[in-house]
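In what follows, a structure is listed as structure tokens, so that the remarks can point back to it.
The values are calculated or read from the model by the stated rules, or taken from the named source; none is laboratory data. Remember, it's a predicted structure, so these values are computed and weren't measured experimentally. Cβ: placed from backbone, ideal geometry, glycine included. Neighbour counts: every protein chain shown. Side chains included, ligands, DNA and RNA excluded: accessible areas come from the protein's heavy atoms. Shrake-Rupley method; radii C 1.70, N 1.55, O 1.52, S 1.80 Å.
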Amino acid sequence: QVQLAESGGGLVQAGGSLRLSCAASGRAFGTRAMGWFRQALGKEREFVAGISWSGTSTYYADSVKGRFTISRDSAKNTVYLQMNSLKPEDTAVYYCAARWVLTTTAGDYDYWGRGTQVTVSS
């Protein structure tokens, strides 16, 4: 079992930065790929970024490439999403998720956090 809890969301002006954290419980964290997804009001949940269990492979949605960075600290059982140059269209609830192998499909993930709201004002 893996339990996930996101934090770090908030209100920021366009061009600003936020760092989201996802704290995981359970010894299996170190063997699972982690993904960040987001869901804007009235829209489907979409993939943002993912990182392999080893941290050596990362993948980003085109919309965030060059602005967002995903990383993990296995000693702290935590995954991070550093978000820079934020845009109003980045406004959404951000979720972290875990599964054995990194994919970009939300339905593939076994465990989810409750999400954290990110609002970017123009």
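Please go through region 33-51 and pick out each residue that is basic (K, R) and either over 26 Å from Q1 (Cβ atoms) or out of contact with any helix residue (DSSP H, G or I) (no Cβ under 9 Å at 6 or more places or on another chain) (or both). Can you show your working first?
Within region 33-51, the first condition is being basic (K, R), and the residues that meet it are 38, 43, 45.
Answer for region 33-51, where residues must be basic (K, R) and either over 26 Å from Q1 (Cβ atoms) or out of contact with any helix residue (DSSP H, G or I) (no Cβ under 9 Å at 6 or more places or on another chain) (or both): just K43.
Looking for something at pLDDT 95 or above, of a type in the set (G, A, S) and closer than 14 Å to T116 by Cβ - is there at least one such residue anywhere in region 73-88?
no
Yes or no, residue by residue, for (1) under 18 Å from Q3 (Cα atoms); (2) touching a Phe, Trp or Tyr at 6+ places or on another chain (Cβ under 6 Å); (3) of a type in the set (S, T, Y):
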residue: D73; (1), (2), (3): yes, no, no
residue: E89; (1), (2), (3): no, no, no
residue: A97; (1), (2), (3): yes, yes, no
residue: A106; (1), (2), (3): yes, yes, no
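Restricting to region 7-34, name every residue that is buried (at least 16 other Cβ atoms within 10 Å of the Cβ) and either over 16 Å from the mean Cα position of the chain (by Cα) or over 18 Å from N84 (Cα atoms) (or both). Steps first, answer last, please.
Applying the first criterion (buried (at least 16 other Cβ atoms within 10 Å of the Cβ)) to region 7-34 yields 8-9, 12, 18, 20-24, 29, 32-34.
Within region 7-34, V12, A23, A24, F29, R32, A33, M34 qualify.
Here is a list of conditions, (1) closer than 19 Å to L4 by Cα; (2) free of Cβ contacts under 8 Å to residues at least 12 places away in the same chain; (3) open to solvent by 80 Å² or more (accessible area, probe 1.4 Å), and V101 meets all of them except one; can you say which number that is?
(2)
Sort out which residues of region 36-52 are crowded, with 17+ Cβ neighbours inside 10 Å and either polar (S, T, N, Q) or in contact (Cβ under 8 Å) with a residue 40 or more places away in the chain (or both), and write them in order of number. Don't jump to the end; show me each part of the working.
Let us first name the residues in region 36-52 that are crowded, with 17+ Cβ neighbours inside 10 Å, namely 36-38, 45, 47-51.
Of everything in region 36-52, those that are crowded, with 17+ Cβ neighbours inside 10 Å and either polar (S, T, N, Q) or in contact (Cβ under 8 Å) with a residue 40 or more places away in the chain (or both) turn out to be W36, F37, R38, R45, F47, V48, G50, I51.
Is it true that some residue in region 81-96 is in contact (Cβ under 8 Å) with a residue 12 or more places away in the chain, buried (at least 20 other Cβ atoms within 10 Å of the Cβ) and among the small types (G, A, S)?
The answer is yes; a qualifying residue exists.
Within region 1-42, how many residues are outside any strand (DSSP E or B) and of a type outside the set (F, W, Y)?
Within region 1-42, the subset outside any strand (DSSP E or B) is 1-2, 8-9, 14-17, 26-32, 40-42.
Right, trim to of a type outside the set (F, W, Y) and you get 1-2, 8-9, 14-17, 26-28, 30-32, 40-42.
The number of residues fulfilling the criteria is 17.
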